[in-house]
1. Roughly what angle does helix 52-71 make with the longest principal axis of the chain, taking Cα atoms, 0 to 90 degrees, to the nearest 10?
2. Which longest run of the chain has no exposed loop site in it, a site being trypsin sites (Lys or Arg not before Pro) in a DSSP loop with at most 14 other beta carbons within 10 Å, and the site itself not part of the run?
3. With Cβ to Cβ distances under 13 Å as the rule, what net charge do the other residues near Ala361 carry (K, R +1; D, E -1)?
4. Shape of segment 5-136 from its Cα gyration tensor (a ≥ b ≥ c, root eigenvalues): rounded if a/c is under 1.5, otherwise prolate when a/b > b/c, or oblate?
5. Over every pair of different alpha-carbon atoms in segment 198-338, take the mean of 1/r and invert it; report that Kirkwood radius in Å.
6. So, with a 1.4 angstrom probe, what is the percent of accessible area on segment 178-234 that is carbon and sulfur?
7. Gap in Å between the Cα centre of segment 424-444 and the Cα centre of segment 380-414?
8. Would segment 295-430 count as rounded, prolate or oblate if I go by the C-alpha gyration tensor, calling it rounded below 1.5 in a/c and otherwise prolate when a/b exceeds b/c, oblate otherwise?
Amino acid sequence: MSEVAPAVSPATREERDLLGSLEVPAEAYYGIQTLRAVNNFHLSGVPLSHYPKLVIALAMVKQAAAGANQRLGHLDKSRFEAIDHACRRVIDGEQHDQFVVDMIQGGAGTSTNMNANEVIANLGLEYLGHAKGDYRHLHPNNDVNMAQSTNDAYPTAIRLGLLLGHDSLLASLEKLCLAFSAKGKEFAEVLKMGRTQLQDAVPMTLGQEFHAFANTLGEDLGHLTKQVPALLCEVNLGGTAIGTGINADPRYQRLAVERLASISGHPLVPAQDLIEATSDMGAFVLFSGMLKRLAVKLSKICNDLRLLSSGPRTGFNEINLPPRQPGSSIMPGKVNPVIPEAVNQVAFEVIGNDLALTMAAEGGQLQLNVMEPLIAYKIFDSIRLLTRAMDMLREHCVVGITANEQRCRELVENSIGLVTALNPYIGYENATRIAREALASGRGVLELVREEQLLDDATLDDILRPEHMIAPRLVPLS
């Protein structure tokens with residue numbers, strides 16, 4: 001008896017839309033509209049799946065919308081359960097690889113919205129026992145997208161995705177602040193010379209310098225913690241195409257937003273003016289500006305770390321950064337400050353993202369901003385880059401920094417800037433003359449003061465006590 005060859009499943013399935021038909025990979029959970037977008041937009045090379053929180057937020061929006069429509073009697077129980085099941089799977093991290101559309105796309109995010117609609121529909125069809133693409137039983141537009149438009153579902157998902165990912169940014173920033181603060185305590189007794197305009201200024205401690213790093217970043221942590229939720233919690237879900245709510249039940253907006261708040265755990269509220277909320281990108285501009293400010297601060301700190309560790313023989317050499325890798329293919333023994341250098345470059349990227357986002361926010365017209373995909377891409381990218389950069393800076397650099405205490409003290413004692421601490425005791429004219437002579441002769445300030453017997457040793461020792469040089473202290477001229 002001859003053997004019957006096993007049936008081979010076709011590699012593709014045919015799907016149709018208003019432009020005609022296409023062969024979609026048989027195993028794909030996305031459909032024809034997603035495939036058209038994939039074919040059209042070969043731009044950033046970064047798909048939606050690169051940002052899991054955005055994918056999860058899209059599924060939460062669809063789940064909330066389905067729940068509201070089912071409660072209002074517009075979506076039958078079977079279809080609701082299929083959509084709800086599919087959304088839960090995506091929220092749990094499944095099938096994220098099916099979100100394949102490029103982050104930069106034309107159509108104001110329609111391709112992103114349809115990618116979500118098609119994946120959820122096909123997961124739901126599978127749950128109902130039907131084949132992928134058999135949209136008679138569960139339709140991406142009619143059922144999954146019921147009472148929605150890309151113009152309210154997509155921006156709502158962007159805001160929610162940012163809220164879902166916000167905690168990781170805050171956690172990385174807080175850990176970095178704590179790392180700098182710990183170094184501030186560790187270096188509290190290390191006296192060094194402060195500098196302005198890269199010239200000797202007045203003494204301080206290395207601990208004060210590192211506490212300043214912690215505090216300046218702590219300010220941004222406070223602003224991001226308090227202000228960002230308020231910026232992002234107002235959503236335009238229910239506004240549909242332009243904010244008028246066409247094709248949605250009058251009761252839908254309130255129910256959908258309430259369900260979305262419950263599903264996500266964030267206190268989302270309906271926008272007061274849906275037409276304004278559909279076109280206005282101001283919240284993203286402000287949030288991106290806050291990220292840019294953080295990037296600028298991080299970059300300045302990394303510039304300082306590179307300067308303070310410069311040398312080792314011909315630079316400041318006040319601190320040692322942990323050696324991470326050989327620094328040259330030609331210069332043996334060279335070790336570069338590669339971690340701060342990388343953070344600098346991340347900062348420049350974030351600053352560029354902010355400019356692109358700003359231009360995109362300005363580039364909207366009338367009732368919609370079609371540049372929202374670029375806005376979403378740039379702000380999610382900035383968060384991802386900053387989070388990774390702060391973790392890298394803390395783990396691979398800050399926690400391992402050590403002080404060259406003797407070098408710091410030598411620079412203080414040999415600095416012309418030391419004369420500033422003597423100014424209240426010997427007068428500005430004497431101080432200026434001593435500084436000029438020290439510069440011309442190469443001799444030390446203290447040596448010249450002692451030689452001219454301007455102050456006795458006991459007074460000098462008192463003045464030069466670290467605690468007297470690094471905090472307010474004014475003693476009148478005798």
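1. With both axes taken from Cα atoms, the answer is about 40 degrees.
2. Numbers: sites that count: Arg136, Arg251, Arg313, Lys334, Arg443, Arg473.
The segment 1-135 is the longest one with no such site.
3. It works out to a net charge of -3.
4. oblate
5. Numbers: mean 1/r = 0.0506 Å⁻¹.
After inverting the mean inverse Cα-Cα distance, the result is 19.8 Å.
6. 55 percent
7. Comparing the Cα centres of segment 380-414 and segment 424-444, I get a distance of 35 Å.
8. Note, shape of segment 295-430 comes out oblate.
The values are calculated or read from the model by the stated rules, or taken from the named source; none is laboratory data. Bear in mind that the values here come from a model prediction, so they are computed numbers and not experimental data. Every residue, glycine as well, gets a Cβ built from its backbone with ideal geometry; the counts of neighbours run over all protein chains shown. Ligands, DNA and RNA are excluded from the accessible area calculation, which covers all protein heavy atoms including side chains. Shrake-Rupley method; radii C 1.70, N 1.55, O 1.52, S 1.80 Å.
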